[in-house]
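The values are calculated or read from the model by the stated rules, or taken from the named source; none is laboratory data. Keep in mind that what you see is a predicted model, and the values were worked out from it rather than measured. Every residue, glycine as well, gets a Cβ built from its backbone with ideal geometry; the counts of neighbours run over all protein chains shown.
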Ligand SMILES: NC(=O)c1ccc[n+]([C@@H]2O[C@H](COP(=O)([O-])OP(=O)(O)OC[C@H]3O[C@@H](n4cnc5c(N)ncnc54)[C@H](OP(=O)(O)O)[C@@H]3O)[C@@H](O)[C@H]2O)c1
């Protein structure tokens, strides 16, 4: 009697990811973790020197591009797709500018945050979506923030931009129904990265340090990278829609335990 034998296990394919904002913080940590998990990675940012160091350390490929530039992102899509299939895009490039109240915040800061967090994520996602669908096993990760879920005084422009960025993820997931692409939102609270707060406060180190002062163990870039890679490495029928994570010391956007 013949038996229905189980199909032979599929040969594991080589997975390949593009990570934006890879020259520091969460993006660089995500590149390290994906490389350690065996992925090919294209690390994207504007600073070539930092990318070169990351490439030497991890073996990632690098691509210098500004996600707010149409030309750069068109070049990125052409170069990345010429290099083979793309299975994951981690839209991590982003950040905050200023912490002024609504009444006095600078239009230019808001414009910059929308250009980077919202339109940057949209632009790169649009450019790589055909390749992600064509891979037959695609993932779009959107690095939002707890600022995408609730507000705080002085958060205005960043909160608005991250809320908008979040809706790229929620809407795209609906629009991709039936396609082999997951859409995953990662929303961290306070993460002590070397540049995020420094950039937010225009290089003012004292203001940047005050953000984390007395906080027992803010999240690290690696904590967030760990979460990103966990979502990407679930079986592909499992879509982690949204992962909100904070340090234990931070219970909301406005309440943080400080020594
Ligand atoms: N740190 C936090 O507390 C926190 C909390 C929640 C969410 N997040 C989000 O997590 C993401 C990463 O944050 P992080 O803390 O790791 O920040 P970070 O250390 O300041 O890193 C930001 C990265 O984005 C890149 N970048 C900035 N503008 C870019 C542009 N126009 N084109 C391409 N790359 C650009 C930067 O590299 P180049 O300057 O070399 O381009 C850098 O690699 C952001 O989306 C942020 O909003 C951060």
**Q.** residue 168 in contact with a helix residue (DSSP H, G or I) (Cβ under 7 Å, 6 or more places away or on another chain), part of a strand (DSSP E or B) and within 15 Å of the ligand (Cβ to nearest atom)
**A.** no
(Q) Testing residue 194 on (1) within 8 Å of the ligand (Cβ to nearest atom); (2) closer than 18 Å to residue 89 by Cα, one condition comes back false. Which one is that? (A) (2)
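Looking only at residues in the range 48-64 that are surrounded by fewer than 21 Cβ atoms within 10 Å (Cβ to Cβ) and under 17 Å from the mean Cα position of the chain (by Cα), which one is farthest from the ligand (Cβ to nearest atom)? First the steps, then the outcome.
Residues of the range 48-64 surrounded by fewer than 21 Cβ atoms within 10 Å (Cβ to Cβ): 48-50, 52-53, 55-59, 61, 63-64.
From the residues that got through so far, the ones that are under 17 Å from the mean Cα position of the chain (by Cα) too are 63-64.
Values: 63: 10, 64: 8 Å.
Among them, the one singled out is 63.
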Q. All but one of (1) more than 10 Å from the ligand (Cβ to nearest atom); (2) assigned to a helix (DSSP H, G or I); (3) under 20 Å from residue 202 (Cα atoms) hold for residue 113; which doesn't?
A. (1)
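Say we look at the range 23-32 and pick out the residues that are more than 6 Å from the ligand (Cβ to nearest atom) and surrounded by 23 or more Cβ atoms within 10 Å (Cβ to Cβ); which of these is nearest to the chain's Cα centre (by Cα)?
Checking each candidate, the answer is 30.
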Q. With 73, 67, 90 as the choices, which residue is closer than 15 Å to residue 228 by Cβ, within 11 Å of the ligand (Cβ to nearest atom), surrounded by 18 or more Cβ atoms within 10 Å (Cβ to Cβ) and touching a residue at least 12 places away in the same chain (Cβ under 8 Å)?
A. 90
Q.
Looking for something assigned to a loop (DSSP other than H, G, I, E, B), in contact (Cβ under 8 Å) with a residue 12 or more places away in the chain, within 12 Å of the ligand (Cβ to nearest atom) and touching a strand residue (DSSP E or B) at 6+ places or on another chain (Cβ under 7 Å) - is there at least one such residue anywhere in the range 197-218?
A. yes
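From the list 122, 132, 176, pick out the single residue that is away from the ligand (no atom under 12 Å from the Cβ), surrounded by 24 or more Cβ atoms within 10 Å (Cβ to Cβ) and at pLDDT 95 or above. Full working, then the answer.
On the way: 122 fails: surrounded by 24 or more Cβ atoms within 10 Å (Cβ to Cβ); 176 fails: surrounded by 24 or more Cβ atoms within 10 Å (Cβ to Cβ).
The unique qualifying residue is 132.
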Q | Failed condition for residue 13, given (1) modelled with pLDDT of 95 or more; (2) more than 7 Å from the ligand (Cβ to nearest atom); (3) farther than 21 Å from residue 73 by Cα | A | (1)
Q: Please enumerate the residues belonging to the range 219-239 that are in contact with a strand residue (DSSP E or B) (Cβ under 6 Å, 6 or more places away or on another chain) and either over 30 Å from residue 87 (Cα atoms) or surrounded by fewer than 16 Cβ atoms within 10 Å (Cβ to Cβ) (or both).
A: 239
Q) For residue 255, all conditions in the list (1) surrounded by fewer than 19 Cβ atoms within 10 Å (Cβ to Cβ); (2) within 29 Å of residue 129 (Cβ to Cβ) hold save one; what is the number of the exception? A) (2)
